[in-house]
Amino acid sequence: MAAICGLDGSIWAKSSGLELSQDEVAALARSFSKDEVLAANGIRIGGTKYIYLSGDDKLIRGKKDRQGVHIVKTKTAMVMALYAEPILPEQCAVVVEKLGDWLIQNDL
């Protein structure tokens, strides 16, 4: 499942069945580069808490059991994808980061 959301918390597009709240999205947008906050509180998407693995000012990675999340921040949006086995984290990362790069190159 995936979503594209504005940095203000607005949900632009999402997979059917993916439950997101504007509060969760806005909190995620504020969390980039805040390793301590993410490590302490985790990543919440659709009411599910994922353990923070790593990140920086443009990227957040998380995991819960055999599922994970990969989030890329662009100038105006966040692209997030949730994956589960048999999808590998690296496979998800490639797709999300390529889309994020395209959006950045197009000033989005």
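To keep it simple, each residue is scored yes or no on (1) touching a Phe, Trp or Tyr at 6+ places or on another chain (Cβ under 9 Å); (2) at pLDDT below 95; (3) of a type in the set (Lys, Arg).
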| site | (1), (2), (3) |
| --- | --- |
| 35 | yes, yes, no |
| 40 | yes, no, no |
| 43 | yes, no, no |
| 47 | no, yes, no |
| 50 | no, no, no |
| 54 | no, no, no |
| 60 | yes, no, no |
| 65 | no, no, no |
| 73 | yes, no, yes |
In region 58-74, is there at least one residue being charged (D, E, K, R), under 13 Å from the mean Cα position of the chain (by Cα) and assigned to a loop (DSSP other than H, G, I, E, B)?
yes
Is it fair to say residue 16 is more than 24 Å from residue 104 (Cα to Cα), small (Gly, Ala, Ser) and out of contact with any strand residue (DSSP E or B) (no Cβ under 6 Å at 6 or more places or on another chain)?
yes
Just for region 2-17: of the residues that are exposed (fewer than 15 other Cβ atoms within 10 Å of the Cβ) and modelled with pLDDT of 95 or more, which one is farthest from residue 71 (Cα to Cα)?
16
From the list 95, 37, pick out the single residue that is among the β-branched types (Val, Ile, Thr) and in contact with a strand residue (DSSP E or B) (Cβ under 8 Å, 6 or more places away or on another chain).
95
Would you call residue 57 acidic (Asp, Glu), out of contact with any helix residue (DSSP H, G or I) (no Cβ under 6 Å at 6 or more places or on another chain) and closer than 24 Å to residue 108 by Cα?
yes
For residues that are among the acidic types (Asp, Glu) and touching a residue at least 12 places away in the same chain (Cβ under 8 Å), scanning just region 72-100, find the one that is surrounded by the most Cβ atoms within 10 Å (Cβ to Cβ).
97
Which one is nearest to residue 4 (Cα to Cα), of the residues in region 17-55 that are assigned to a strand (DSSP E or B) and among the polar types (S, T, N, Q)?
48
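The values are calculated or read from the model by the stated rules, or taken from the named source; none is laboratory data. Note that the structure is a prediction, hence the values are computed from the model and not measured. Note that each Cβ is placed from the backbone with ideal geometry, even for glycine, and that neighbours are counted across all protein chains shown.
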